[in-house]
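Structure first, commentary second.
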Amino acid sequence: SSWIWATQPGPLGVPPGEYAFRKTILAPAGKTPTRAVVLISVDNEFSLYHNGHFVTTDANMTDSWKIAIAAQVVLDPNGVNVLAVRARNLPDPVTGGDNAAGLLASVQVEYADGSSGVFSSDATWRGAVGAPGGFEALGFDDSGWTPTRVISSYGADPWGTLVQVPPGYLGNAAVRR
């Protein structure tokens, strides 16, 4: 996986505020999606949505990004599925100014035939500064949004390999994918 963000070329110096991200899940031809397991970590805070419905949020604690949150999502087998993330970058605790920010995700999609596929956070996600009303909804038009920027690979600074994956969810190899 790669750490991504909406606008800046690197993980440091990101203005505090809300940011929005979206990823459309399209099943390969002949495949019927049934569910997805999402592993996600955001520096600083996030809420995850599927097709406009709230799924989960991270614990409101210092350095919550160090623990990936695992969530299971039932996918629409006949249509498009959209994951949306409302992310919040908090001010630097010392200076009150810009701070590091990043989103790291790995998603395992399971299909009706028993097969599965994995995709991760990368430049195919779309991002925006701010979180426009209704951006979580399936029908929201994100065509004016820009592709996200890959700002760091998993294991690189400033986060290193500190993200812990809950036992039984994809394993650390999926996060490094």
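The values are calculated or read from the model by the stated rules, or taken from the named source; none is laboratory data. Here the structure is a predicted model, which means the values were calculated and not measured. Using ideal geometry, Cβ is built from the backbone for each residue, glycine included, and neighbour counts are taken over all protein chains shown. Accessible surface is based on the protein model in full, side chains and every heavy atom, while ligands, DNA and RNA are left aside. Shrake-Rupley method; radii C 1.70, N 1.55, O 1.52, S 1.80 Å.
Once the other residues with Cβ under 14 Å from the Cβ of E110 are scored (Lys, Arg +1; Asp, Glu -1), what is the net sum?
Numbers: positive: K31, R35; negative: D76, D113.
Net local charge, E110 excluded: 0.
GNM on the chain, alpha-carbon springs under 10 angstrom: the most fluctuating residue among G139, G96, G79 is G96.
Taking K23, K66, K31 as the candidate residues, the one with maximal mean-square fluctuation in a Gaussian network model of the chain, Cα springs under 10 Å, is K31.
The packing ranking of peptides 4-14, 41-51, highest mean first, is 41-51, 4-14, where packing means the average number of other beta carbon atoms within 10 angstrom of each residue. In the chain, helices alone account for a calculated mean residue ellipticity at 222 nm of -500 deg cm²/dmol, with every DSSP H run of four or more residues adding -39,500 (n - 2.57).
Accessible area of the chain with a 1.4 Å probe: how many percent of it is carbon plus sulfur?
53
Once all Cα-Cα distances of the chain are split into 5 Å bins that start at 0, what whole-number percent is in each one? Over the chain, the share of Cα pairs per 5 Å bin runs 1, 9, 18, 22, 22, 15, 8, 3, 1, 0, 0 percent. Probing with 1.4 Å while keeping every protein chain in the model, the per residue accessible area of the stretch 1-158 equals 43 Å².
A simple spin-label model places the labels of T24 and D157 3.8 nm from each other, with each point 7 Å out along Cα-to-Cβ.
As a length-normalised measure over Cα pairs under 8 Å and 6 or more apart, the relative contact order of the stretch 1-117 settles at 43 percent.
Comparing A131, A29, A123 in a Gaussian network model of the chain where C-alpha atoms under 10 Å apart are linked, the largest mean-square fluctuation is found at A29.
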